[in-house]
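Heads up, the thing below is written out as C-alpha cells.
The values are calculated or read from the model by the stated rules, or taken from the named source; none is laboratory data. Bear in mind that the values here come from a model prediction, so they are computed numbers and not experimental data. We place every Cβ from the backbone using ideal geometry, glycine too, and count neighbours over all the protein chains shown.
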Amino acid sequence: MRRLLFTLLIFLFLSKANGQDDSLAPDQEQKQLEWCFVYSNLLGINIDYINNPNLYKVVGDWLGTPYKYSGESKNGIDCSGFVCKLYQSVYDRVLAGSAKDIYKEVAPIKKQELREGDLVFFKIKRGRISHVGIYLADNKFAHASTQRGVIISDLDEPYYLKYFFKGGRIKN
C-alpha cells in the first residue's frame, strides 16, 4: 500500500511539475524542495539531510519489491542486486557481484562518517560480509531484506547494530 501511495504521489507530482514537456521550470529550486519534502515524508527521512532527490525516487520505486536470491528485477531482488541496480540508475556507476565483491570497490569509512549514497556492510553469515545496503540519511538505509524485501531500516535497530561491519564510499 505504501509503495502504491508513493508511486501515485510521484506520478501526480511529476505531472504537475513537468506539464507536457521535460524542460526545467524557472523555479527549479522550489521544485527540488518539493521533491525533498515528498521523499522525507514518505520515507521517514529528515528533509534537511536530502541532497539527491533522485536517489530517494529510485529507492521509492523499489520499495516493497520481494526478496529473491540472485534476483535482479522488480519480481524479486537480493541486497547486492538492489545496490547494483540503484547505483547504475542514480550514479551511472556499474557495480557487480556479491556484497563481499562490492566491498572491494569501496574505501572503508566509519559509521559516523556515512553520507547519503554511501554503502553499509554487514557480517551476518559466519562472520563474513553477507549483506549490503545504501545509506540515505538520518541513520536510515535502504536494502533488500530476506524477510521483507526492499525496505528502509535504521542502523540503530538491535539486529543491524549487532551485525554492522563498516560503511564504504565508492572509490573514484
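Please go through the range 99-139 and pick out each residue that is under 12 Å from the mean Cα position of the chain (by Cα), aliphatic (A, V, I, L, M) and under 15 Å from ILE170 (Cα atoms). Selection gives LEU119, VAL120, VAL132, ILE134, LEU136.
Filtering ALA142, ALA96 for residues that are modelled with pLDDT under 95 and either closer than 16 Å to GLY81 by Cα or within 14 Å of the chain's Cα centre (by Cα) (or both) leaves a single hit, ALA96. Once the range 103-129 is narrowed to residues that are in contact with a helix residue (DSSP H, G or I) (Cβ under 7 Å, 6 or more places away or on another chain) and under 18 Å from GLN88 (Cβ atoms), the residue that is modelled with the highest pLDDT is LEU119. Which residue is surrounded by the fewest Cβ atoms within 10 Å (Cβ to Cβ), if the candidates are limited to the range 110-140 and must be assigned to a strand (DSSP E or B) and of a type in the set (A, V, I, L, M)? Here the answer is ILE124.
May I ask you to list the residues in the range 147-172 that are among the basic types (Lys, Arg) and in a loop (DSSP other than H, G, I, E, B)? ARG148, LYS171, listed by residue number. Selection of the range 124-172 for residues being at positive phi and in contact with a Gly (Cβ under 9 Å, 6 or more places away or on another chain) yields ASP138, GLY149.
Considering only residues in the range 67-87 that are surrounded by fewer than 16 Cβ atoms within 10 Å (Cβ to Cβ), outside any strand (DSSP E or B) and not polar (S, T, N, Q), the one that is farthest from the chain's Cα centre (by Cα) turns out to be TYR69. Scanning the range 88-109 for residues that are hydrophobic (A, V, I, L, M, F, W, C), touching a residue at least 12 places away in the same chain (Cβ under 8 Å) and not in a helix (DSSP H, G or I) yields LEU95, ALA96, VAL106, ALA107, ILE109.
For LYS85, all conditions in the list (1) touching a Phe, Trp or Tyr at 6+ places or on another chain (Cβ under 8 Å); (2) at pLDDT below 95; (3) basic (Lys, Arg) hold save one; what is the number of the exception? It fails just one condition, (2). Scanning for something within 13 Å of CYS84 (Cα to Cα), crowded, with 19+ Cβ neighbours inside 10 Å and out of contact with any Lys or Arg (no Cβ under 7 Å at 6 or more places or on another chain), does the range 145-164 turn up at least one residue? No, that holds for no residue.
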